[in-house]
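Nothing in this text is a laboratory measurement; each read-out follows from the coordinates by a stated rule. Quantities reported herein were computed from a predicted structural model and do not represent experimental measurements. A quick note on method: Cβ atoms are made from the backbone with ideal geometry, for glycine too, and the neighbour counts reach across all protein chains shown.
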Amino acid sequence: MTSVDDLWFLADEASQRAEQAYHALDSRHADFVEYERTRRVSRGRFRTLAERVKHCGAPFGAHTIVYRESGEVLLVRHDGVDKWVLPGGGVDGGESFREAAERELDEEAGVDADYEGLAMVTRVFVRCGDYRTWGVLPVFEACAQSVEPSIDDPDDEISAAEWFADLPSDTRDRDDLVAWRRARSL
């Protein structure tokens, strides 16, 4: 079997795992918003993302929208993408998506929060030439119980954690967050 065939097989396995992950989220949660995104990537990046999806169903792990009653949203500065992003990241071992989101929130911002459920799921379609796969990106919703961020990121990717009343223009997935805030009337 050639490496091209291996990549096709990996993409197929990843898509099957993504389908399982999506259905598990859908059966456990109600009233979440759904989005779709397509990413065209290099062959090496495709393999990396497909392996992540095969592992847990998600190419980019799980994230959390953390808000304060005042309407401010917590964002972290991710140096690798040079943008403000929601706290979140990869799923380790046998973690659930929510466990991963909670761990990542603790590492990247150190804020205690009460989780309220699943806010949104993005179906991320990944393409490289003729190869295609997809995965889920679950984003949970949580109300902050503590407000002073403290970063303890073992990956050393996060350089700041701040509350924002107005989202910065360089916020990744800004339109999705604006729509979420509008729907929540924050």
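Enumerate the calculated ³J(HN,Hα) couplings along region 107-118 in order (Karplus 6.51 cos²θ - 1.76 cosθ + 1.60, θ = phi - 60°), each rounded to whole Hz, writing x wherever the residue is Gly or Pro.
5, 8, 9, x, 9, 7, 8, 8, 6, 10, x, 8
Please get the size of the charge dipole for region 11-75, origin at its Cα centre, with Cβ charges of +1 on Lys and Arg and -1 on Asp and Glu, quoted in debye to the nearest 20.
520 debye
Before rounding to the nearest 500, sum -39500 (n - 2.57) across all DSSP H runs of length at least 4 in the chain and divide by the residue total; then give [θ] at 222 nm in deg cm²/dmol.
That calculation yields -11000 deg cm²/dmol at 222 nm.
Rounded to the nearest 20 Debye, what is the dipole magnitude of the chain about its Cα centre when Lys and Arg each give +1 and Asp and Glu each give -1 at the C-beta?
Using Cβ point charges on Lys, Arg, Asp and Glu, the chain gives about 980 debye.
How high is the relative contact order of region 118-165, in percent, counting Cα pairs under 8 Å that sit 6 or more residues apart?
Once normalised by length, the contact order is 29 percent.
Using +1 at the C-beta of Lys and Arg and -1 at the C-beta of Asp and Glu, which of Pro168, Val111, Gly129 has the Cα lying farthest in the positive direction of the dipole of the chain?
Gly129
Can you work out D for the chain in µm² s⁻¹ from Stokes-Einstein, where Rh is the Kirkwood radius over C-alpha pairs, the temperature is 25 °C and the viscosity is 0.890 mPa s?
145 µm²/s
Angle check, please: helix 3-28 long axis (alpha carbons) against the longest principal axis of the chain (alpha carbons), in degrees 0 to 90, nearest 10.
Between the helix axis and the principal axis of the chain, the angle is about 40 degrees.
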